[in-house]
Amino acid sequence: MANPDLSSDLHNSPEAEAKQLLAVQGEGALKGATAILMQQFTVLQTRAQMMLTITTLTLTITGFSGPKIAASGLFAQGAMVAGILATLASTLLILGGSLRIRWVTQFKGTDDLDLVTRVVHYRNKKTKLFFAEICLLVAGLSSYVASVVAYFLYGQ
């Protein structure tokens, strides 16, 4: 038997996902659905904290080694500046985005489906923001590593 195509499941609307979540939970559906969503928010929060640690380490290390690396040439300087700016942008986005708190109990809905749909929609927005934070961090770290490589190749 062939595997079903699950790619369409990844693009369900928030309402469709909320309906499915409530249906799967059965008795006490709202409580179970919100518990699952709260776990998902915890995953986002934990990963954002890990990324914040990485950005902090990157910016701190740059303070110590940055001037020497930048002195190795124009490319290293440009890559270092781009890396610092992208990493800083990622840090600011993490602080103002993924780590910003909105409690599940603050959401209001006309019924259970509406409430869960609103929370799923909010989770989806946070997930998209998290992706942007990761992209900025990867760009920043890549530029930083490029400056270090340039230092190793052309430094004094």
Note down all Cβ pairs under 8 Å where the first residue falls in region 63-90 and is touching a residue at least 60 places away in the same chain (Cβ under 8 Å) and aromatic (F, W, Y), the second is crowded, with 16+ Cβ neighbours inside 10 Å and part of a helix (DSSP H, G or I), and they're at least six residues apart or on different chains. F75/A146; F75/S147; F75/A150
If you take the residues of region 54-83 that are over 17 Å from G96 (Cβ atoms) and among the polar types (S, T, N, Q), which of them is modelled with the highest pLDDT? Q77
Would you call A76 of a type in the set (A, V, I, L, M), in a helix (DSSP H, G or I), under 30 Å from V149 (Cβ atoms) and out of contact with any Lys or Arg (no Cβ under 7 Å at 6 or more places or on another chain)? yes
Given the structure, is K108 closer than 14 Å to T34 by Cβ, of a type outside the set (F, W, Y) and surrounded by fewer than 17 Cβ atoms within 10 Å (Cβ to Cβ)? yes
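The values are calculated or read from the model by the stated rules, or taken from the named source; none is laboratory data. Quantities reported herein were computed from a predicted structural model and do not represent experimental measurements. No Cβ is skipped: glycine too gets one built from the backbone with ideal geometry, and neighbour counts run over all protein chains shown.
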